[in-house]
Amino acid sequence: MQANEKINFIIENIEKVIVGKRASIELVMIALISEGHVLIEDVPGVGKTLLVSALAKSLNAIFRRIQFTPDVLPSDITGFSVYNQKSGEFEFRHGAVMGNIVLADEINRTSPKTQSSLLEAMEEGQVTVDGFTYELPKPFIVLATQNPIEYLGTYPLPEAQIDRFFLKIEIGYPSKAEESAILELYRSNEPINTLQAVASSSDIIALQALSRSIHVDAAINDYIVNIVAATRNNPLITLGASVRGSLSLFRAAQAKAMFCGRSFVIPDDVKEMIFPVLSHRIILSSEAKLSNQTPKSILHEILNRTAVPGVKR
């Protein structure tokens, strides 16, 4: 089975549970293949948690769920050492982050201190407790859900943590036809309970390795750098995208090309991934907010002003 066929097979399996949200599922798969993490922000009840659960069931991987509340401690996430009186030694107890697919549910309902406990795991695939470093299993992805920040009882994520999310997506409400299909699908049972695995952890690791082998022309490199540099020199943007943002856009374009069945990246791959990869990484100025500008509208302007390269196949 070709790589893009394998990816589509996984997506179609998730669609047995999630109706009408293929674009969101595709972005989650692109992040997984790119070894990135996903921030899912939307109102309650649109299927954020269900999407992650369906992904975990489709991959036959170790699934861990962390329900973030104000009383969750960093040690609950990373793990802690316990003294064993019989052996006279300290034993490490794994935290909730020790899994392949980690659901950080309602991450903005816990304190910034607890939120920050995920930083090392998300960036380096490891946790350090009491001076000892513990590797996390591969593949490893954090899918965090959060309610919009204006909802009561939420804490804004620090910029350093937001930047570690490979991309940010919204699910949105279904159309009337899709909502009718959901009611019919869930009429007699819960489809998530009967969902079967269609891929393994080793399949995902192989797809990740293949994604990194996708050819990126020097002209595409320059295109990505020019777009990201433009976010740092725009008067409407207080904080532009970081170098991590450039790397994320690069990896996302590779995964998008592989998803489309190509062994090379074209400018359209970059264009399609700009908004989910960069929108959450830029902070607008007061003037931009007063003029009702949004990160997406400014990125649209930057995209229109940046010369598109020609690439030889």
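The values are calculated or read from the model by the stated rules, or taken from the named source; none is laboratory data. Everything numeric in this text was worked out from a predicted model, so none of it was measured. All Cβ positions, glycine included, derive from the backbone under ideal geometry; neighbour counts span all protein chains shown.
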Restricting the range 254-310 to residues that are touching a His at 6+ places or on another chain (Cβ under 8 Å) and under 25 Å from residue 214 (Cα atoms), the residue that is surrounded by the fewest Cβ atoms within 10 Å (Cβ to Cβ): 263
Members of the range 77-105 that are in contact with a Ser or Thr (Cβ under 8 Å, 6 or more places away or on another chain) and either farther than 28 Å from residue 199 by Cβ or not aliphatic (A, V, I, L, M) (or both): 78, 90, 91, 92, 93, 95, 100, 105
Residue that is farthest from residue 259 (Cα to Cα), among those in the range 29-51 that are buried (at least 24 other Cβ atoms within 10 Å of the Cβ) and among the β-branched types (Val, Ile, Thr): 40
Count of the range 270-301 residues which are of a type in the set (A, V, I, L, M) and over 20 Å from residue 251 (Cβ atoms): 5
Test for residue 75: is it over 17 Å from residue 142 (Cβ atoms) and over 20 Å from the mean Cα position of the chain (by Cα): yes
Leading residue by the ranking (farthest from residue 206 (Cα to Cα)) among those in the range 103-150 that are in a loop (DSSP other than H, G, I, E, B) and free of Cβ contacts under 8 Å to residues at least 12 places away in the same chain: 150
Of all residues making up the range 81-102, the number that are surrounded by 17 or more Cβ atoms within 10 Å (Cβ to Cβ) and either touching a Phe, Trp or Tyr at 6+ places or on another chain (Cβ under 8 Å) or part of a strand (DSSP E or B) (or both): 6
Set 134, 155, 173: member being assigned by TED's automatic domain parsing to the domain that holds residue 65, surrounded by fewer than 17 Cβ atoms within 10 Å (Cβ to Cβ) and within 30 Å of residue 80 (Cβ to Cβ): 134
Search result, residues across the range 151-172 that are aliphatic (A, V, I, L, M) and outside any loop (DSSP other than H, G, I, E, B): 160, 162, 167, 169
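A quick yes/no check of all residues on (1) modelled with pLDDT under 90; (2) not aliphatic (A, V, I, L, M):
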position: 254; (1), (2): no, yes
position: 271; (1), (2): no, yes
position: 280; (1), (2): no, yes
position: 288; (1), (2): yes, no
position: 296; (1), (2): no, yes
position: 302; (1), (2): no, no
position: 307; (1), (2): no, no
Residue match in the range 210-219 (condition: buried (at least 18 other Cβ atoms within 10 Å of the Cβ) and either under 20 Å from residue 301 (Cβ atoms) or free of Cβ contacts under 8 Å to residues at least 60 places away in the same chain (or both)): yes
Single residue of the range 137-152 satisfying the filter (surrounded by fewer than 21 Cβ atoms within 10 Å (Cβ to Cβ) and at pLDDT below 90) that is farthest from residue 295 (Cα to Cα): 152
